[in-house]
């Protein structure tokens, strides 16, 4: 997951590398997702999110649809 | 009577806590010799525990030598994603993990990276739990269900 100056930079990066364009999100969405995903990672009682919990985190940030489906 | 699986489970937990505690406190990811010394265990035991943690997707081992590459969100080697906080510099393997370092530490942080296309410097900043400086757009090239097929590329 990379940060780009703007959407057209994503387009150029994909074209020059022959990589299919994925999905973009704002830094605010990225922060919300990272905060939910990693907030507890250093705690002794930490455990991996279940698929359902991970899907809920994505959905809370507005990341829904086939691209964000963790089950494929 | 303590079963072998319970013993390994306890060791895996100890190793996990040691890796993440040390990475958070020092901004340096410890490797098997340091972990073994800190826990009073053998390197062989620590390697076994690290394999279990990698299998559980708790951290990522380097494919060539089994060293710890990324106890996410931390990265063991300098990268294009720098996170400055508490007078230290941490590294992450991607922008999501860079933001994750600020989240895991619960600290204000400045994240410095560069546009993946043109290499222009880009800066994000977290303060008091909020994104207070923001620019650019994050691109996920890989669909969510394939993230772990090749986590290095993802």
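So which residues in region B:76-97 are within 11 Å of the chain's Cα centre (by Cα) and under 15 Å from residue B:28 (Cα atoms)?
Listed by number, the residues that qualify are B:76, B:77, B:90, B:91, B:92, B:93.
Does residue A:21 satisfy being in a loop (DSSP other than H, G, I, E, B) and at the interface with another protein chain (Cβ under 7 Å from one of its Cβ atoms)?
no
So which of A:31, A:37, A:13, A:68 ends up being more than 24 Å from residue B:74 (Cβ to Cβ) and either more than 9 Å from chain B (Cβ to nearest Cβ) or under 11 Å from the mean Cα position of the chain (by Cα) (or both)?
A:68
Testing residue B:65 on (1) more than 30 Å from residue A:30 (Cα to Cα); (2) buried (at least 22 other Cβ atoms within 10 Å of the Cβ), one condition comes back false. Which one is that?
For residue B:65, the exception is condition (2).
With respect to residue A:68, is the statement that it is touching a strand residue (DSSP E or B) at 6+ places or on another chain (Cβ under 8 Å) and at pLDDT 95 or above true?
Values: touching a strand residue (DSSP E or B) at 6+ places or on another chain (Cβ under 8 Å): yes; at pLDDT 95 or above: no.
Criteria not met by residue A:68.
Starting from residues that are touching a helix residue (DSSP H, G or I) at 6+ places or on another chain (Cβ under 7 Å) and surrounded by 14 or more Cβ atoms within 10 Å (Cβ to Cβ), keep the ones in region A:37-48 and report whichever is nearest to residue B:56 (Cα to Cα).
For region A:37-48, the residue satisfying everything is A:41.
The values are calculated or read from the model by the stated rules, or taken from the named source; none is laboratory data. The structure displayed is predicted, hence computed values, not measured ones. We place every Cβ from the backbone using ideal geometry, glycine too, and count neighbours over all the protein chains shown.
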